[in-house]
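Below is one structure, written out as structure tokens; comments come after it.
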Amino acid sequence: MKAAYFEEHGGPEVIKIGELPDPIAGTGEVVIDIHASSVNGADWKVREGSYKPVPYFPYILGRDFSGTVCEVGEGVSDFTIGDEVFGVCDVGQEGTYCEKISMKAALCAPKPNEQSHIEIAALALIGLTAVISIEDTLQLKADDKILIQGGAGGVASFAIQLAKYIGAHVISTTSAGNIDYVRGLGADEVIDYNAQDFRSVVSNCDAVFDTVGGDVARGAFNVLKKGGRAAFIASGANGLDAPSSDFTSLRPNVYRDRPHLERVVELIAAGAVTAPEVQLFSIDETVEAQKLSESRHFRGKLIFNIC
Ligand SMILES: NC(=O)c1ccc[n+]([C@@H]2O[C@H](COP(=O)([O-])OP(=O)(O)OC[C@H]3O[C@@H](n4cnc5c(N)ncnc54)[C@H](OP(=O)(O)O)[C@@H]3O)[C@@H](O)[C@H]2O)c1
């Protein structure tokens, strides 16, 4: 199969494009012909080795996909060859910047017919992350006031739509060129972070969902009301302690399972969320996609349109 992979940690230049052996389905697994997969914010950090060394080389990045089952392993009864599925790799597994992947069947869900493979690949990991963060972790309620940092990014695009569906008042941040896009997702108030410091214009929030990290993440506690809660998913915000017992600091545990993928599908079917804006790449264009992701200034999702 064709794949983008690397054999040593480093900059985008370590990415190679070539042929690697096709995967085979182990017990409880299916092999999927990938039609679309996505670039996630963590991928370039894995490539450069800033998380931890990857367990083997050659290593293929990528955590989510949409495709068609082409092989069924022993013990799998819920899928057959030809089924259209989508999913998110288990924590510690990667490998969707390529044409095929073997996956635990339990981590796949039927792809809805109404959306394209590209749309579903764009929604998979961001949907799982937003559902676990907004519904399970922050337990956002109607009429809560929430600040969602990084509104034009993938996870925030889903989170804004979900928070509006729940009935919350949503404030978000982005750069000037993306203000209309973030408003279009449903945000009630959008702050241009280059023009205004959110700490001086936002206050009294019930919740903050930070997808940016660093100093922006630390600012969450300046805008929460007493009893408020903040959830952090960006690297650099690990172990961010609340400055006092007035606030709760949360780190969503984005585990992978079929029920949360089905919740994503349910939200799409309800008309609560639609796919973010996508920019398409071929596997040959992986270096370009990685550079754009690393810049952290683009809109929505970067998607591999595979076959
Ligand atoms: N814990 C988990 O399981 C998990 C799961 C998924 C993602 N993540 C992490 O969550 C973070 C977000 O990922 P993502 O894929 O949604 O997006 P991303 O690719 O990391 O970020 C892109 C977006 O960030 C915005 N941005 C950059 N600096 C900003 C700032 N100072 N204020 C507001 N917005 C800013 C950009 O908008 P502008 O161009 O307008 O600046 C751009 O749209 C990443 O760190 C990722 O690794 C964690």
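The values are calculated or read from the model by the stated rules, or taken from the named source; none is laboratory data. Please read these numbers as outputs of a predicted model, since none were measured by experiment. Reconstructed Cβ throughout: ideal geometry from the backbone, glycine too, with neighbour counts over all protein chains shown.
Rundown of residues vs (1) closer than 19 Å to Q279 by Cβ; (2) crowded, with 16+ Cβ neighbours inside 10 Å, yes/no style:
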{"site": "L20", "(1), (2)": "no, yes"}
{"site": "T27", "(1), (2)": "no, no"}
{"site": "I34", "(1), (2)": "yes, yes"}
{"site": "V39", "(1), (2)": "yes, yes"}
{"site": "G49", "(1), (2)": "no, no"}
{"site": "P53", "(1), (2)": "no, no"}
{"site": "G73", "(1), (2)": "no, yes"}
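Segment 94-213 holds strands (runs of 3 or more DSSP E) entirely within its bounds, and those carrying 3 or more residues that are more than 16 Å from the ligand (Cβ to nearest atom) map to 100-104, 108-110.
Restricting G92, G73, G82, G26 to residues that are at pLDDT 95 or above and on the phi > 0 side of the Ramachandran plot narrows the list to G82. Go through segment 1-29 and count every residue that is assigned to a helix (DSSP H, G or I) and either small (G, A, S) or out of contact with any strand residue (DSSP E or B) (no Cβ under 6 Å at 6 or more places or on another chain) (or both). Residues meeting the conditions: 2. Scanning segment 214-237 for residues being more than 18 Å from L140 (Cβ to Cβ), assigned to a loop (DSSP other than H, G, I, E, B) and either in contact with a Pro (Cβ under 8 Å, 6 or more places away or on another chain) or of a type outside the set (A, V, I, L, M) (or both) gives a total of 3. Out of F232, F221, one residue alone is under 22 Å from V88 (Cα atoms) and either modelled with pLDDT under 95 or out of contact with any His (no Cβ under 8 Å at 6 or more places or on another chain) (or both). It is F232. Considering L267, L261, L250, the condition of being over 13 Å from the mean Cα position of the chain (by Cα), surrounded by 19 or more Cβ atoms within 10 Å (Cβ to Cβ) and within 16 Å of the ligand (Cβ to nearest atom) is satisfied by L250 alone. Residues that are small (G, A, S) and either in a helix (DSSP H, G or I) or more than 8 Å from the ligand (Cβ to nearest atom) (or both) were ranked within segment 278-307; the one that is surrounded by the fewest Cβ atoms within 10 Å (Cβ to Cβ) is S295.
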